[in-house]
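These notes concern the structure reproduced below.
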Amino acid sequence: MADPAIKFRKEHVVKPKLGYLEENTMGYYKSVYQQLQCDVFNSEEEKATFIGNVLNETIGQELTLSQNQLVSRILECLLRLASQEHLSRFIDGLMKNPQLACSGRFISHVTQTTLTLAMTSLTSESLTQEIEQNVIKNVNLVCDVLLEDIVKYVLDPYASHILRIMLEMLSGVSVPVKVSRSDITFQQQQQQQQQQQNRVKDAKLKKQVPDVFVELLHRLSAQLSREDILESCLSSDVAAPVVETLLLVSHATDSVLCQKTCRQVLKSMQENKE
């Protein structure tokens, strides 16, 4: 017969909070951030070596480290200064659990930063074929995960940001980040209408993208422009910016889809009024 005391201990084990890291780990990354802020390096080469060494220490721990609020922000700082090789390797670590990487509270910000930097690096002349293929592989994986349950992710407060950045990066269109909100005065409404017009003018093709990105963009846009998705999005403060991004992107890349989506949005709005 099992010892009741052992059973009690097992049932009352206190699990660490999500994002919890040991004190020595926290101290290490705080020290890293302090050195970056104070810029204690004698040369850019020394700084690059330091950043590379720190990121090498994250191998196998990307998911765990990125769930901590403070360390996730430090990782974003490091990744913005990282080499293409380290970016490619870090995104590999995140993609061991792409669902978590896209919808976790803090890790999703790290995923967004890493994806943006990695996809932007595809235009670099120094990019190796191996890294290019790896980035494209992981971008495909993110899209597949989002498309598996698009309704869930478009309404998710964190994954919806991933959707927005994917639309922007897959299309090569620069989309302003400021989004209109409700609960405003009539004067503010007029100002926002002008801002909305300016956003359409400002959204422009900023770079060429790989052919595989065009295909992924079509798949993602087709799902987001579904009538049932749009109905859900229009009544959600979280999802509405995704529709706005879709419209701005399609306005610059696919006028047929843009017009179709606009008609569906207007139809949904009319039905909601009735």
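The values are calculated or read from the model by the stated rules, or taken from the named source; none is laboratory data. This one's a predicted model, so the numbers in the text were calculated from it and none came from an experiment. FYI the Cβ positions are ideal-geometry reconstructions off the backbone, even for glycines, and counts take in every protein chain you see. These accessible areas exclude ligands, DNA and RNA; they are computed on the full protein's heavy atoms, side chains included. Shrake-Rupley method; radii C 1.70, N 1.55, O 1.52, S 1.80 Å.
Within the stretch 234-249, the residues that satisfy the criterion of being in a helix (DSSP H, G or I) and either under 19 Å from P176 (Cα atoms) or touching a Gly at 6+ places or on another chain (Cβ under 8 Å) (or both) are A240, P241, V242, V243, E244, T245, L246, L247, L248, V249. In this structure, L122 does satisfy being of a type outside the set (F, W, Y), modelled with pLDDT under 90 and assigned to a helix (DSSP H, G or I). Taken together, L170, L205 contain a single residue that is open to solvent by 30 Å² or more (accessible area, probe 1.4 Å) and either modelled with pLDDT under 85 or out of contact with any strand residue (DSSP E or B) (no Cβ under 8 Å at 6 or more places or on another chain) (or both), which is L205. K137: out of contact with any helix residue (DSSP H, G or I) (no Cβ under 6 Å at 6 or more places or on another chain) and free of Cβ contacts under 8 Å to residues at least 12 places away in the same chain, yes or no? Yes; evaluated as a whole, the condition is true for this residue.
Considering only residues that are open to solvent by less than 40 Å² (accessible area, probe 1.4 Å) and assigned to a loop (DSSP other than H, G, I, E, B), which ones fall in the stretch 68-93?
N68, A82 - these are the residues of the stretch 68-93 that are open to solvent by less than 40 Å² (accessible area, probe 1.4 Å) and assigned to a loop (DSSP other than H, G, I, E, B).
For the stretch 156-169, which residues satisfy the criterion of being touching a helix residue (DSSP H, G or I) at 6+ places or on another chain (Cβ under 8 Å), in contact (Cβ under 8 Å) with a residue 60 or more places away in the chain and not hydroxyl-bearing (S, T, Y)?
Keep residues of the stretch 156-169 that are touching a helix residue (DSSP H, G or I) at 6+ places or on another chain (Cβ under 8 Å), which gives 156, 158-169.
With in contact (Cβ under 8 Å) with a residue 60 or more places away in the chain added as a condition, the list becomes 156, 160, 162-164, 167-168.
Across the stretch 156-169, the qualifying residues are D156, I162, L163, R164, L167, E168.
Residues that are surrounded by 15 or more Cβ atoms within 10 Å (Cβ to Cβ) and modelled with pLDDT under 90 do occur in the stretch 210-218.
For the stretch 137-149, the set of residues classified as of a type outside the set (S, T, N, Q) and buried (at least 19 other Cβ atoms within 10 Å of the Cβ) consists of V139, V142, C143, V145, L146, listed by residue number.
L155 meets all of the listed conditions (1) modelled with pLDDT under 95; (2) closer than 25 Å to Q223 by Cα; (3) open to solvent by 50 Å² or more (accessible area, probe 1.4 Å) but one, namely (1). Please verify whether R105 is under 26 Å from L248 (Cα atoms), of a type in the set (K, R) and within 14 Å of the chain's Cα centre (by Cα), treating the condition exactly as stated. Judged against the criteria, R105 is not a match.
Taken together, K47, K96 contain a single residue that is closer than 26 Å to T128 by Cα, of a type in the set (D, E, K, R) and in a helix (DSSP H, G or I), which is K47.
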